[in-house]
1. Checking A38 against (1) surrounded by fewer than 20 Cβ atoms within 10 Å (Cβ to Cβ); (2) within 16 Å of ligand 1 (Cβ to nearest atom), which test does it fail?
2. Scan region 18-30 and give yes if some residue there is touching a Gly at 6+ places or on another chain (Cβ under 9 Å), buried (at least 21 other Cβ atoms within 10 Å of the Cβ) and within 23 Å of A220 (Cβ to Cβ), otherwise no.
3. Checking K3 against (1) at pLDDT 95 or above; (2) within 13 Å of ligand 2 (Cβ to nearest atom), only one condition comes out false. Which one?
4. Being within 17 Å of T211 (Cβ to Cβ) and at pLDDT 95 or above is true for just one of G27, G49, G39. Which residue is that?
5. Please state which one of L157, L216 is under 22 Å from I47 (Cα atoms), touching an Asp or Glu at 6+ places or on another chain (Cβ under 8 Å) and more than 16 Å from ligand 2 (Cβ to nearest atom).
6. Filter region 190-225 down to residues that are of a type in the set (G, A, S) and touching a strand residue (DSSP E or B) at 6+ places or on another chain (Cβ under 8 Å) and give me whichever is nearest to V81 (Cα to Cα).
7. For the condition small (G, A, S), farther than 24 Å from L22 by Cβ, within 16 Å of ligand 2 (Cβ to nearest atom) and at pLDDT below 95, what is the one hit in G166, G140?
8. Out of all the residues in region 144-166, is one or more touching a Pro at 6+ places or on another chain (Cβ under 6 Å), of a type outside the set (S, T, Y) and surrounded by 20 or more Cβ atoms within 10 Å (Cβ to Cβ)?
Amino acid sequence: MLKVQGIETWYGAIQALKGVSLEVKQGEIVALLGANGAGKSTTIKTITGMLKPAKGTIEFLGQEITSREVEDIAEAGIACVPEGRHIFPGLSVIDNLMLGTTPRKNPSKADLDRDLERVFHLFPILQEFRDRLGWQLSGGQQQMLAIGRGLMSAAKLLLLDEPSLGLAPVLVQEVFKVIKQINKTGTTILLVEQNARMALLIANRGYVLETGKMSLTDTAANLLANEDMKAHYLGAHAHVKEARQRRLNERPSA
Ligand SMILES: Nc1ncnc2c1ncn2[C@@H]1O[C@H](COP(=O)(O)OP(=O)(O)O)[C@@H](O)[C@H]1O
Ligand SMILES: [Mg+2]
């Protein structure tokens, strides 16, 4: 379904991706793992067209989409839930959801109703709070709204960038359960996560990025059993340490 081959992406003079290749087949959940700064978000942004690769190609459903406009790529059927949610705080839940339908060409009312029904079935709280404003939701509810909005585009491929980031453990469980359910009901998923263990427990396959290069790829089961993975990414508290390191990195320097 998605075939990324040898992409190289730069931020000015800094090369963030040094030849990244990956593939997602229809029906799969594929995990994209790696430490903070490895290039996961850059990979996602290059696929969605927000960043243009200097080299490499991206194919989606047999068509080359490399360097096409963001809107074209969304229309082709790729939706993205970016890191940090980005819902509209001043708009109601239902208006936020309907904004997700922008990439669709003349959807029928019946199709929209069916997809809204699917989102409300996955996230009953969004139905209950449909008239609340975005800012009135908790962090977990905002993440659910962001995912729900992604689904309203009726995309064939959903890219999720760290959906569990900053959520309480009980909500993390819930989000992973819902991702599995979304996949079962027909959406293919590329899942970026710092919580490698949880991601691999629901994924079919995984890739590990290390400073802009793929270092490892295998089935989820093999990655969970891999000694290198256990040592670096799967320790009981690996993602907690990672989050702490991230906060330290983000601390403004004096
Ligand atoms: N806007 C930017 N300008 C310059 N460098 C950036 C920018 N965004 C990310 N980078 C750099 O690119 C590399 C990959 O970042 P990113 O894709 O965000 O990593 P990840 O999502 O895996 O944490 C990092 O070294 C990061 O510092
Ligand atoms: Mg990131």
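1. Tallying (1) surrounded by fewer than 20 Cβ atoms within 10 Å (Cβ to Cβ); (2) within 16 Å of ligand 1 (Cβ to nearest atom), A38 fails exactly one: (1).
2. Among the residues of region 18-30, at least one is touching a Gly at 6+ places or on another chain (Cβ under 9 Å), buried (at least 21 other Cβ atoms within 10 Å of the Cβ) and within 23 Å of A220 (Cβ to Cβ), which makes the answer yes.
3. (2)
4. G39
5. From the options L157, L216, the qualifying one is L216.
6. Applying the filter and picking the extreme gives A199.
7. G166
8. Yes, region 144-166 contains at least one residue that is touching a Pro at 6+ places or on another chain (Cβ under 6 Å), of a type outside the set (S, T, Y) and surrounded by 20 or more Cβ atoms within 10 Å (Cβ to Cβ).
The values are calculated or read from the model by the stated rules, or taken from the named source; none is laboratory data. If you're wondering where the values come from, they're calculated on a predicted model, not measured in any experiment. Note that we place each Cβ from the backbone using ideal geometry, even for glycine, and neighbour counts take in every protein chain shown.
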